[in-house]
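Quick notes on the structure that follows.
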């Protein structure tokens with residue numbers, strides 16, 4: 001004979017409407033045109049850890065290097081310093097959402113045209129900062145460009161190419177025409193010699209060191225994996241090349 005048995009304990013909680021004690025309440029914001037609910041404290045954690053939008057890069061963690069730059073309602077902000085709780089209902093644009101209709105944004109196209117990226121780690125933040133600048137001022141002068149990018153750091157020192165990319169983006173914006181059949185990596189001849197495959201994605205013994213750097217000696221510090229559930233800019237490995245003429249070239253990498 002079936003009997004009604006009183007239930008004990010608590011009912012399952014709705015994960016979107018309730019939180020455990022001490023757990024942040026969910027915040028719904030518009031990310032690249034889609035409403036997304038997240039629980040992270042900072043925007044950087046929400047984008048990378050919850051939404052898997054890893055184009056937003058962790059850097060200094062103090063809001064001064066610009067690698068984590070995204071757009072909030074069209075204005076550049078540092079995602080590592082931006083509390084998620086302040087973003088309810090606001091529009092967030094990451095590098096993944098900048099292209100529209102399968103067509104690159106003029107700034108993205110410009111960075112490709114002039115080969116403005118070196119290691120590429122700062123590039124998403126740079127592109128978004130320039131996109132915000134051109135949205136305000138389609139033909140900025142040197143002072144405006146300097147102010148817009150003054151807190152975006154390129155550790156590779158590719159600033160001259162970045163500035164050329166800004167100039168190229170203004171040309172594309174002015175013409176309002178982007179050749180849809182011209183997308184692709186920049187010509188090697190316009191940039192100098194580049195690896196056949198990115199070295200951070202290639203085992204050291206398979207990297208084309210001497211084809212790109214010339215004769216000499218290469219010393220390699222292998223990368224170390226960060227501890228679980230952490231990120232680090234200190235364990236990305238490094239290499240140093242001494243040419244037969246005595247020229248020294250060094251590079252330090254970071255986790256992407």
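Of 62, 20, all but one fail to be surrounded by fewer than 16 Cβ atoms within 10 Å (Cβ to Cβ), in a loop (DSSP other than H, G, I, E, B) and modelled with pLDDT under 70; the exception is 20. Here residue 36 fulfils each of the conditions (1) part of a loop (DSSP other than H, G, I, E, B); (2) modelled with pLDDT of 65 or more; (3) in contact with a strand residue (DSSP E or B) (Cβ under 7 Å, 6 or more places away or on another chain) apart from (1). If you go through the stretch 139-162 and keep only what is buried (at least 16 other Cβ atoms within 10 Å of the Cβ) and outside any loop (DSSP other than H, G, I, E, B), you end up with 145, 148, 149, 161, 162.
The values are calculated or read from the model by the stated rules, or taken from the named source; none is laboratory data. Fair warning: this is a prediction, and the values are worked out from it, not measured in the lab. Cβ sites come from the backbone with ideal geometry, for glycine too, and all protein chains shown count toward neighbours.
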